Amino acid sequence: MQNKLFSYTVLLASASAVLPAWAAEAQLSLELPRLNVAEYHRPYVAVWAERAGEPAISLAVWYDQKKANNAGAKWLPDLRQWWRKSGRDLSMPMDGVSGATRPVGEHKLNLSKSLAALPAGKYEVVVEVAREGGGREVQRLPLQLPISSAVQFGAQGEHELGALSLSVKP
């Protein structure tokens, strides 16, 4: 499995150097809602693409990178589904994937390069959120590659996530 994951990582890294087989503009919008709690901690967030029977491809991982000696990575296993799919096989921080936690509000991620590097097929873009002293939530958005016409998929989180929107244009 690790060799297969390495192959996908090499594929994603080399994709930025050449034109993709199909060019598509892909943007994920996700909302981190304001929660009325006594002690608020910014959530850890993982975004990945997965296809049945294949390793997941990490697209973004937001966690507390300010802690000394990369101690924030200690809590990445709280993103349980992402951790089991690919997180435990990755070394964090990871250029182009990992970043700092985000505040309450709407955040946009450009997924164009990452998705353009994937082979044709039926995928799910998955968003998982976990918060210290809070809950966990996972939402899935379908995606078929290559894209022949503009599509938009949405989902509504219940507590840790607000609105999600995946917009893809050829």
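The values are calculated or read from the model by the stated rules, or taken from the named source; none is laboratory data. Quick caveat, the model's predicted, so the values are computed rather than measured. A quick note on method: Cβ atoms are made from the backbone with ideal geometry, for glycine too, and the neighbour counts reach across all protein chains shown.
Overview of values
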read-out: Residue that is surrounded by the fewest Cβ atoms within 10 Å (Cβ to Cβ), among those in segment 64-101 that are outside any loop (DSSP other than H, G, I, E, B) and hydrophobic (A, V, I, L, M, F, W, C); value: ALA68
read-out: Positions within segment 30-60 being farther than 17 Å from ALA163 by Cα, hydrophobic (A, V, I, L, M, F, W, C) and assigned to a loop (DSSP other than H, G, I, E, B), in sequence order; value: VAL37, ALA38, ALA52, ALA56
read-out: Unique match (being within 22 Å of TRP75 (Cα to Cα) and of a type in the set (A, V, I, L, M, F, W, C)) among VAL168, VAL151, VAL127; value: VAL127
read-out: Segment 148-168 - residue that is in a strand (DSSP E or B) and of a type outside the set (Gly, Ala, Ser) and, of those, surrounded by the most Cβ atoms within 10 Å (Cβ to Cβ); value: VAL168
read-out: Any hit, segment 110-120, residues being in contact (Cβ under 8 Å) with a residue 12 or more places away in the chain, part of a strand (DSSP E or B) and surrounded by fewer than 16 Cβ atoms within 10 Å (Cβ to Cβ); value: yes
read-out: Whichever residue in segment 56-79 is touching a strand residue (DSSP E or B) at 6+ places or on another chain (Cβ under 8 Å) and of a type in the set (A, V, I, L, M) and, among such residues, is farthest from ALA100 (Cα to Cα); value: ALA56
read-out: Answer residue from segment 121-145, given it is surrounded by fewer than 16 Cβ atoms within 10 Å (Cβ to Cβ), more than 16 Å from the chain's Cα centre (by Cα) and of a type outside the set (D, E, K, R) and is nearest to VAL45 (Cα to Cα) among those; value: GLY135
read-out: Sole residue being modelled with pLDDT of 95 or more and at positive phi, chosen from GLY105, GLY157, GLY121, GLY96; value: GLY105
read-out: Residues that are without any contact (Cβ under 8 Å) to a residue 24 or more places away in the chain and among the hydroxyl-bearing types (Ser, Thr, Tyr), drawn from segment 41-58; value: none
